[in-house]
Amino acid sequence: MKFENTPLKDCFILTPQVYPDHRGIFLESYHKKKFNEITGLDLEFVQDNQSVSKKGVLRGLHFQSGGFAQAKLVRVIYGEVLDVVVDLRPDSPTFKESYSIILSDQNQHQLFIPQGFAHGFITLSETSVFSYKCDRFYYPGSESGIIYNDPDLAIDWKFTEDELILSEKDTKLPTLKELFS
């Protein structure tokens with residue numbers, strides 16, 4: 001498994017070894033011991049989630065707050081997405097900074113997102129199957145987010161406003177300034 005740092009503190013890219021042959025491919029998407037050795041972390045992932053989205057679906061930017069904050073290991077099983085994270089940890093040197101990466105079934109990249117980050121993605125391909133492991137259970141009372149088009153973040157989602165497909169909830173999230181005021 002290959003490990004790469006991102007510009008955001010404690011957030012990194014993992015790329016598993018892929019074994020192709022005439023039948024297709026095989027890869028080990030997660031191995032606790034190898035993950036712990038490579039990252040220096042000892043996390044216990046307790047919940048796996050999966051979503052299926054069509055082109056232009058934007059999910060995010062979401063996070064859980066307080067004692068329910070989640071670390072995530074995300075990947076794309078099928079298709080291609082633009083994955084975006086924002087560091088919301090006030091004591092971090094990369095506080096309020098964002099990072100984006102293309103995750104796909106072709107590059108097999110996985111993104112580790114530490115606790116205290118907002119996370120979102122948009123499907124670039126016709127369909128995507130997105131999977132993520134979480135180190136804490138989902139708790140609706142701690143759910144929060146940042147509006148996808150926050151002017152201070154200026155995220156390029158690769159689609160025009162009228163091409164985006166959003167949930168009603170995601171259109172009503174606060175800005176970063178509102179969140180930290």
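When the chymotrypsin sites (Phe, Trp or Tyr not before Pro) in the range 102-181 are filtered for DSSP coil states and for at most 10 other beta-carbon atoms within 10 Å of their beta-carbon, the remaining sites are Phe137. Rounded to 0.05, the FRET efficiency of the Gln50 and Ile165 pair, given R0 = 25 Å and the Cβ-Cβ distance, is 0.85.
Size check on the range 34-98: the Cα extents along the three principal axes, sorted descending, read 35, 30, 21 Å. Please go through the range 1-85 and write out the trypsin sites (Lys or Arg not before Pro) that DSSP classes as loop and that have at most 13 other C-beta atoms within 10 Å. In loop regions of the range 1-85 (DSSP not H, G, I, E or B), the sparsely surrounded trypsin sites (Lys or Arg not before Pro) are Arg23.
Listed values for the range 19-34 are Karplus-derived 3J(HN,Hα) couplings in whole Hz (6.51 cos²θ - 1.76 cosθ + 1.60, θ = phi - 60°), namely 10, x, 8, 5, 8, x, 9, 9, 8, 9, 7, 7, 9, 3, 4, 5, and x replaces Gly and Pro.
For the range 2-179, the Kirkwood hydrodynamic radius from C-alpha pairs, put into Stokes-Einstein at 10 °C and a viscosity of 1.306 mPa s, yields a diffusion coefficient of 95 µm² per second.
Near the amide H of Ser125, within less than 5 Å, lie the amide hydrogens of Glu80, all on another chain or at least 5 residues away, with H placed in the peptide plane.
The mean sequence separation of alpha-carbon pairs under 8 Å and at least six residues apart, normalised by the residue count of the chain, gives a relative contact order of 28 percent. What the phi angles of the range 116-123 give under the Karplus curve with 6.51, -1.76 and 1.60, with θ = phi - 60°, is a coupling list of x, 10, 8, 9, x, 7, 10, 7 Hz, glycine and proline written as x.
Each reported figure results from applying straightforward, stated rules to the coordinates on display, with no laboratory input. All of these numbers come straight from a predicted model, not from anything done at the bench. Counting neighbours? That spans all protein chains shown, and the Cβs are built from the backbone with ideal geometry, glycine included.
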